[in-house]
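A.B. asks: Here it is, the structure in full.
The values are calculated or read from the model by the stated rules, or taken from the named source; none is laboratory data. Note that the coordinates shown come from a computational prediction; the quantities given were computed from them, not determined experimentally. When we count neighbours, we look across all protein chains shown, and the Cβ atoms used for this are built from the backbone with ideal geometry, even at glycine.
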Amino acid sequence: MKILILADGRSPITKHWLDGLKQLGHTVIFVSSYPCERLDSMDEFHVLPIAFAGLAGSQTAKTNPASGVQSAAKPGSDWIKRFRPLFLWLRYWLGPLLLPYYGWRLNRIVKETRPDLVHALRIPFEGMTASFLPKNVPFAVSIWGNDLTFHAAGSGLMRRMTVRTLSRADGLAADTQRDIRLGKLWGFSEQGRTLVVPGNGGIDITEVRIASETGAAALNWLPLNRPLVVNPRGFRPGSVRNDTFFRSIPLILSQQPETFFVCCSMAEQPEALNWISRLQIEPHVLLLPVLPQETLWSIFRRARVTVTVSEHDGTPNSLLEAMTCGCFPVAGDIESMREWITPGINGMLVDPDSPEELATAVLDALQNEPLRIAAAAINLEKIREKAEISLIQTAIEVFYNQLTP
């Protein structure tokens, strides 16, 4: 089958999905909504920077002096870090006005490449762009965790384009049952084909566990003999509550002063630096850049607790990877998280607005080794049953076949 994927080509989630399609034997036409480099998993490659995405720039290698880790950096985007709310507002109010133009450009690519199916890996703005394709082109769209509960309410045009996208889609994929339910409320047909799988296309348990073990020796830049808490999410305005996370740190340190906090995708971020300075917690926090997946897995294996405090979310792939590595999850108490976590059994769920609740949950997990050991076994079994890559690839193949004539 020839499949056109429209997504952010910089994302590890996208890259993993593309790799999975190649393993299934499909021809992949990839259209990136952000500037990026071509990957081996792409048979054809196009860049279509939608809704000011071109301002983000492409990625180049950058080495973090604290860790020696080489990671992706976006030249020319420092101003976006500082003015993120303004950039988001710009995309909400002006971005939808440009979508007919990008829909026309996508239609030209579709006419040239003649795919059997077009799949946009999220609603804003990739799915919205694909909604302008003619009805004779089979079209599937994936929902990310905050597409409907947060971004869709960003402006009147965002609401209208979200309804348009879901009404046009022939197939709907999501990483939680909740988003399938919400998708139907937003216009997706009750008779449409649906799929619930992890957003990255599944977890290769063997790969993750072997890579996390072999990479552990290279983490000599992390402090020894200190309990580690990792926040893997970075900054996602309106979704992840890093204000709650940072405000919980002094409360945790008051009870366990040796605790050390590792924050991924936060290096040089003004908001993180401001919180650290304001709370005077610099000796206890390490801000890291965007990490290679294998390095993140090794940190999960080393850490005792992973923190994902969000109020708009689906199933974060980093949560599933942490569970695979045996790291105890503490997350926001929202519907999507309850599909994976039973509080006090295989993780903790807290009010995303309460640093006190978060601190209590993290301290309970740090101090209760039997709970962490029991949770690790439960979580690995959950991954095997609901997220293992061979099962997920079979489900994706069935879904795609249902959508093509």
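A.B. asks: Suppose we keep only residues that are buried (at least 16 other Cβ atoms within 10 Å of the Cβ) and over 17 Å from V330 (Cα atoms) within the range 236-252. Which one would you say is farthest from the chain's Cα centre (by Cα)?
C.D. replies: Among them, the one singled out is G238.
A.B. asks: If you don't mind, another one. Identify all residues within the range 366-400 that are closer than 24 Å to I252 by Cβ and of a type outside the set (V, I, T); write none if there are none.
C.D. replies: Residues satisfying the conditions are L366, Q367, N368, E369, P370, L371, R372, A374, A375, A376, N379.
A.B. asks: Sort through I345, I276, I252, I281 and tell me the only one that's aliphatic (A, V, I, L, M), farther than 28 Å from A218 by Cβ and not assigned by TED's automatic domain parsing to the domain that holds V197.
C.D. replies: Working: I276 fails: farther than 28 Å from A218 by Cβ; I252 fails: farther than 28 Å from A218 by Cβ; I281 fails: farther than 28 Å from A218 by Cβ.
So the residue among I345, I276, I252, I281 that is aliphatic (A, V, I, L, M), farther than 28 Å from A218 by Cβ and not assigned by TED's automatic domain parsing to the domain that holds V197 is I345.
A.B. asks: Quick one: which of G187, G183 is part of a loop (DSSP other than H, G, I, E, B) and either in contact with a Pro (Cβ under 8 Å, 6 or more places away or on another chain) or farther than 24 Å from E321 by Cβ (or both)? Before you say what the answer is, go through the steps one by one.
C.D. replies: On the way: G183 fails: part of a loop (DSSP other than H, G, I, E, B).
The match here is G187.
A.B. asks: Report the residue count in the range 156-180 for those that are of a type outside the set (V, I, T), under 19 Å from the mean Cα position of the chain (by Cα) and either part of a helix (DSSP H, G or I) or surrounded by fewer than 19 Cβ atoms within 10 Å (Cβ to Cβ) (or both). Full working, then the answer.
C.D. replies: Narrowing the range 156-180 to residues of a type outside the set (V, I, T): 156-161, 164, 166-175, 177-179.
Now drop any that are not under 19 Å from the mean Cα position of the chain (by Cα), which leaves 172-175, 177-179.
Okay, now just the ones that are also either part of a helix (DSSP H, G or I) or surrounded by fewer than 19 Cβ atoms within 10 Å (Cβ to Cβ) (or both), so 177-179.
Residues flagged as of a type outside the set (V, I, T), under 19 Å from the mean Cα position of the chain (by Cα) and either part of a helix (DSSP H, G or I) or surrounded by fewer than 19 Cβ atoms within 10 Å (Cβ to Cβ) (or both) within the range 156-180 amount to 3.
A.B. asks: Going by the structure shown, is G20 part of a loop (DSSP other than H, G, I, E, B), under 27 Å from T404 (Cα atoms) and at pLDDT 90 or above?
C.D. replies: On the way: part of a loop (DSSP other than H, G, I, E, B): no; under 27 Å from T404 (Cα atoms): yes; at pLDDT 90 or above: yes.
It is false that G20 is part of a loop (DSSP other than H, G, I, E, B), under 27 Å from T404 (Cα atoms) and at pLDDT 90 or above.
A.B. asks: I'm trying to understand the selection: among the residues of the range 23-53, which are within 20 Å of the chain's Cα centre (by Cα), of a type outside the set (S, T, N, Q) and at pLDDT 95 or above?
C.D. replies: Across the range 23-53, the qualifying residues are F30, V31.
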